[in-house]
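Everything below concerns the one structure shown next.
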Number of protein chains: 2
Amino acid sequence: MADHSNEFFTVRGYTMQNQDNQKLTSGMEDYLEMIFRLCGEKGYTRMSDLAGALNVQPPSAHKMVKKLAKGNYLNYEKYGLIHLTPAGWELGKELLARHQTLEKFLRLVGVSANILEDTEKIEHNISKETLECIFHFVRYAEINPHWISEFQSYKQNKQP
Amino acid sequence: MADHSNEFFTVRGYTMQNQDNQKLTSGMEDYLEMIFRLCGEKGYTRMSDLAGALNVQPPSAHKMVKKLAKGNYLNYEKYGLIHLTPAGWELGKELLARHQTLEKFLRLVGVSANILEDTEKIEHNISKETLECIFHFVRYAEINPHWISEFQSYKQNKQP
DNA sequence: AATTAGAATTAGATGCAGCTAACATTAATA
DNA sequence: TATTAATGTTAGCTGCATCTAATTCTAATT
């Protein structure tokens, strides 16, 4: 049971360690999160909407959807609509919440451009613990606006 | 000159957009950062030390080193030692600093396990702006210990 | 100096996620 | 209904980063 917590790995290395343990790849997470967003209104979404929303070509979306279907996150039949299963819905909800927590956090510390991109990059595979810590941070900052604004005004004076 | 700042992409999508602009891949960054660490003491490092430090097999390290050599980040001849070029040294220093900023940040918000792993995951390709914001946050927290400890003690009461 | 042990390299395979081009299906319209 | 337009699928290629197995080179030991 090697304990790797003090060892370095490349990004790829971490990915591979997690792939065993039933987790989704970053790519799958991206898709599932977006499918959840798109399903929000109508309860379903289409291949082309998904591809369009993620700026990806339809064949790429198609492959991923088949993969997610095999993992029982959604139901899909050829030429049909994409419907999340309860499991997919749950996970999608979590993924979106995670995304939003990180986005809020970035805004709090003053990021203004590239928020979407940076959120996207950070959100995958950060540990539950880290997410929780950031979540608490965001929560605390929301409850105590004066507290975070201390920092924010310091920062504003730093950079004109 | 498409402006994509409000559009969604998958992680892969963002990676590809940046690949054009002469930047290093995450993998290359991981290696360069580690090479910089390892060179610190002796001024050079070896293939096997590098592979060992990153928990990767020698052939993987070998390929990457050749790539970095082609990009003029280091000098390497067959069976020889790995020496950073001035450019590689500069960049390596930056990468390590980035890593340390993120690591400090995670500690400040209370992350204790998996720090290394999460830092690794976050550090690649977050924008300069985000890094700067986090840097200022860390700096402010260091200068004003009472400020951050307000949050920390709130958090401690939350989770026993 | 010859042999052996340890490092480094090459070759070739794998998996992920993207793409284009070509083909198939469904839906809309004339 | 027949044709066309729009969507979806399949096949096959690319690039990145990993691996194993086999080979080559260097260094150490006798």
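The values are calculated or read from the model by the stated rules, or taken from the named source; none is laboratory data. None of these values were measured; they are calculated from a predicted model. Note: ideal-geometry Cβ built from the backbone for every residue, glycine included; neighbour counts use all protein chains shown. Just so you know, the surface numbers come from the protein's heavy atoms only, side chains and all, with ligands and any DNA or RNA stripped out. Shrake-Rupley method; radii C 1.70, N 1.55, O 1.52, S 1.80 Å.
Taking Lys and Arg as +1 and Asp and Glu as -1, the other residues whose beta-carbon sits under 13 Å from that of A:Leu95 total -3.
Counting pairs of alpha carbon atoms under 8 Å apart in space and at least six apart in sequence, what relative contact order in percent does chain A give?
Details: 122 pairs, mean separation 27.8, N = 160.
Once divided by the residue count of chain A, the mean separation gives 17 percent.
Extending 7 Å from the Cα toward the beta-carbon at both B:Ser127 and B:Asn72 defines two label points whose distance is 2.9 nm.
Seen from A:Gly80, the other residues with C-beta closer than 15 Å to its C-beta sum to a net charge of +2, counting Lys and Arg as +1 and Asp and Glu as -1. The spread of Cα positions in the protein assembly as shown, taken along each principal axis and listed from longest to shortest, comes to 62, 50, 50 Å.
Remark: accessible area buried at the B-A interface is about 5100 Å², both chains counted, probe radius 1.4 Å.
On the accessible surface of the protein assembly as shown, probed at 1.4 Å, how many percent belong to carbon and sulfur atoms? Ligands and nucleic acids excluded, carbon and sulfur give 53 percent. Each semi-axis of the equivalent ellipsoid for segment B:106-160 is √(5λ) with λ an eigenvalue of the Cα gyration tensor; in descending order they amount to 22, 17, 7 Å. Excluding B:Glu132 itself, calculate the net charge of residues whose Cβ lies under 15 Å from the Cβ of B:Glu132, where each Lys or Arg counts +1 and each Asp or Glu counts -1. For residues surrounding B:Glu132, the net value is +3. Is there a simple number for the mean count of other chain Cβ atoms within 10 Å of the Cβ of residues in B:133-139, and what is it? Shielding by partners across B:133-139 averages 5. Of all chain A residues, the closest to the A-onto-B rotation axis by Cβ, with that distance in whole Å, is A:Ile122, 3. Orientation-averaged projection of chain B equals 12.5 nm² [convex hull of Cα atoms, one quarter of hull surface area]. Look at the stretch B:123-131: the mean tally of other chain Cβ atoms within 10 Å of its residues' Cβ atoms is 6. Shielding of peptide B:27-35 by partners, expressed as the average count of other chain Cβ atoms within 10 Å per residue Cβ, is 2.
Expressed in Å, the radius of gyration and Dmax of the Cα atoms of segment A:1-86 are 15.4, 48.
Probing with 1.4 Å while keeping every protein chain in the model, the per residue accessible area of the protein assembly as shown equals 54 Å².
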